[in-house]
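Participant: Okay, here's the structure, questions in a sec.
Bear in mind that the values in this text are calculations on the coordinates, not laboratory data. What you see is a predicted model, and the numbers here were worked out from it, not measured in a lab.
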Amino acid sequence: MSRLNLALMTLAVLTVGCYKDDASGPARGKPMAKVLITDAPFPFDTVESVDVYIVSIAASTDPDTGTSADSMSWVTITAPHRQVNLLALQQGMTELLGEGQLDADRYSAVRVIIDGDSSRIRFTDGTTALVHWGGTGQQAIHAFVEAAVDVPAQGTDIVIDFDVGRSFQYNDLGDGGFNFIPWIRAVNRAATGSIAGIVRQDSSAGAPSPIADATVRGWGSSQGNWQVFTTGVTDAAGHYRLAYLLPGNYIIDVLPPSGSSLGEVLDSNVAVVRGVETTHNVTLSQYGGAMFISGANSMLVNHTNRLAAFVVNAQHQQDSNAVVAWQNLDTAVLGLATYLDSTRVARVTSKIVGTGRIIATSGQLTDTLVIHVAADTSSGPSAHH
């Protein structure tokens, strides 16, 4: 009989193990599932534990099309019925939850059932946090399955990434509590690689020092859109690890700890190779401010859009008095005009089909907005202001 190891991590790892013919076990010919649990680290250093009560984990060969889950056929892999501290499982570590049978097949959906009434978040001072679980009692959470998982007779490994940092939004309701908006993904562990490295602080006097509690985010492309696939946090030695990523190029975004004067660093081309751990070290420097252009990056011909420039100073505060200079690099494609009452606002008009670039500058800070212009095939008004 085959065994399927299921690991729930915050990474939750669904692990499918080796084939085993065991006459004393359940019906022959089905892989068994072991359930382990691990964590994509929670980013808040004021939290001591995130104890989630796992009721059961199931898989389905039916595609998760967003319709009612009741119409799908589910097979329960394991039902541990116990509380797990997700914060104790970081940087790819796992904990065994249980095991059960699963037919050799292709699985397109994974469901985790938790019990919010038996779950809690506890702060480092021992107090229990307010958590809005979105309801009482048990609730089903469906994982984002990046690619259908083939489970052969000899077994494989499936990883369920339960991203704590994204799943528990702190104080977004203004009550000092956590709002539970679950983010879980599922991948075949045998098909994945990882990214790991050390985050250091730049120093002109001596060697750079490691940074603890920096948040590391891995952005991946899904159906043409970029989104955060996984988050991590650096330990006391500045080390981080983003595990169980499918092969491809990722954007790695490193944010300094809360209250730090360091700036964010983003690398848009970090490659993940199957079975390989990619080393990606990052050095953070002092934050000197930032400039952002707000406006649409696509237009139809003969339309007008409003642009606004936002300047953030070295203290991470918006500077509403900053003077902004605008520049149009592609005058054949775009027209640019500024308002008399504020240099931070401008308007751009599309002339012909093509690509144009608008630059906003304030002191040493700058940002570029690339605008793609397409033909207007509608019969409506020719300009929108």
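Participant: Name the shape class, rounded, prolate or oblate, that the alpha-carbon gyration tensor gives for the stretch 173-233, where a ≥ b ≥ c are the square roots of its eigenvalues, rounded holds for a/c under 1.5, and otherwise prolate holds if a/b is larger than b/c and oblate otherwise.
Facilitator: oblate
Participant: Over the stretch 193-284, what is the mean sequence separation of C-alpha contacts under 8 Å (at least six apart), divided by residue count, expressed as relative contact order in percent?
Facilitator: Reported as a whole number, the value is 38 percent.
Participant: For the stretch 118-125, what does the Karplus curve 6.51 cos²θ - 1.76 cosθ + 1.60, with θ = phi - 60°, yield as ³J(HN,Hα) per residue in whole Hz, taken in order and with x for Gly and Pro?
Facilitator: 9, 10, 6, 10, 10, 7, 5, 8
Participant: Could you give the length gained by full extension between SER73 and ALA332, i.e. 0.36 nm per residue of separation minus their alpha carbon distance, to one decimal place?
Facilitator: Here the segment from SER73 to ALA332 would lengthen by 87.5 nm.
Participant: Given H placed 1.01 Å from N in the peptide plane, which residues other than close sequence neighbours of ARG344 have an amide H under 5 Å from its amide H?
Facilitator: VAL324
Participant: If you plug each phi of the stretch 271-281 into the Karplus form 6.51 cos²θ - 1.76 cosθ + 1.60 with θ = phi - 60°, what whole-Hz ³J(HN,Hα) values come out, in order, with x for Gly and Pro?
Facilitator: 8, 10, 10, 4, x, 10, 9, 7, 8, 9, 8
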